[in-house]
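Some notes on the structure that comes next.
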Amino acid sequence: MRAVVQRVREGRVRVNDRAVADIGPGLCILLGVAEDDDEETALRLAGKVARLRIFENEEGKFDKSVLNTGGAALVVSQFTLIADTAKGNRPSFTHAARPERAEPLYNAFCAALESEGIEVARGSFGARMLVEIANDGPVTIVLESG
């Protein structure tokens, strides 16, 4: 499982020109699920994201998590994060989990964040989405399970 975590001032997801998710300050999380991931992987990664200290304290140091700031999370499924580009220029997605396996793990990840007390807005799994964010900093961290 791979997550691209971005600190944002705001974020939203549109599908067919219709807003389906919207948050204020918090995190935008692009989440890729690999074929060998399981529910334990999703829970562990969600805990790491919830506690990731990428918000500044009064001294300007990264010392606060989304839990400390009361921010929300916008979670967007993105199988392309599991791309393999080792051979040539066309990415291979053979290691990405099939949708019927990936969607329950995406939902488990979101539910784990919610169980931490984080408000979670979700993209539309499997849809072509327009993701709009105001990356704050910018701050972007890539996390991998394992």
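The strands (runs of 3 or more DSSP E) located wholly in the stretch 2-98 that include 3 or more residues which are in contact with an Asp or Glu (Cβ under 8 Å, 6 or more places away or on another chain) occupy 2-15, 62-64, 72-77. It is to be established whether one or more residues within the stretch 51-70 are within 23 Å of A121 (Cβ to Cβ), of a type in the set (A, V, I, L, M, F, W, C) and surrounded by fewer than 18 Cβ atoms within 10 Å (Cβ to Cβ). Yes; the residues of the stretch 51-70 include at least one that is within 23 Å of A121 (Cβ to Cβ), of a type in the set (A, V, I, L, M, F, W, C) and surrounded by fewer than 18 Cβ atoms within 10 Å (Cβ to Cβ). Pairs meeting the criteria (first residue in the stretch 1-28 and under 11 Å from M129 (Cβ atoms) and open to solvent by 30 Å² or more (accessible area, probe 1.4 Å), second residue outside any strand (DSSP E or B) and of a type in the set (A, V, I, L, M), beta carbons under 9 Å, at least 6 apart or on different chains) are R14/M129; N16/A127; V20/A127; V20/M129.
Only residues that are open to solvent by less than 20 Å² (accessible area, probe 1.4 Å) and without any contact (Cβ under 8 Å) to a residue 40 or more places away in the chain were counted in the stretch 71-91, giving 0.
Is one or more of the residues making up the stretch 8-19 among the acidic types (D, E) and either touching a Cys at 6+ places or on another chain (Cβ under 8 Å) or modelled with pLDDT under 95 (or both)? Within the stretch 8-19, one or more residues are among the acidic types (D, E) and either touching a Cys at 6+ places or on another chain (Cβ under 8 Å) or modelled with pLDDT under 95 (or both).
Of all the residues in the stretch 113-141, those that are in contact with a helix residue (DSSP H, G or I) (Cβ under 7 Å, 6 or more places away or on another chain) and in a helix (DSSP H, G or I) number 1.
Considering only residues in the stretch 100-110 that are in contact (Cβ under 8 Å) with a residue 24 or more places away in the chain and open to solvent by less than 70 Å² (accessible area, probe 1.4 Å), the one that is farthest from R44 (Cα to Cα) turns out to be A102.
The values are calculated or read from the model by the stated rules, or taken from the named source; none is laboratory data. Remember, predicted model here, so these are calculated numbers, not experimental data. Here the Cβ is made from the backbone with ideal geometry for all residues, glycine too, and neighbour counts use every protein chain on show. When the accessible area is computed, the model is the full protein with side chains, heavy atoms only, and any ligands, DNA or RNA have been set aside. Shrake-Rupley method; radii C 1.70, N 1.55, O 1.52, S 1.80 Å.
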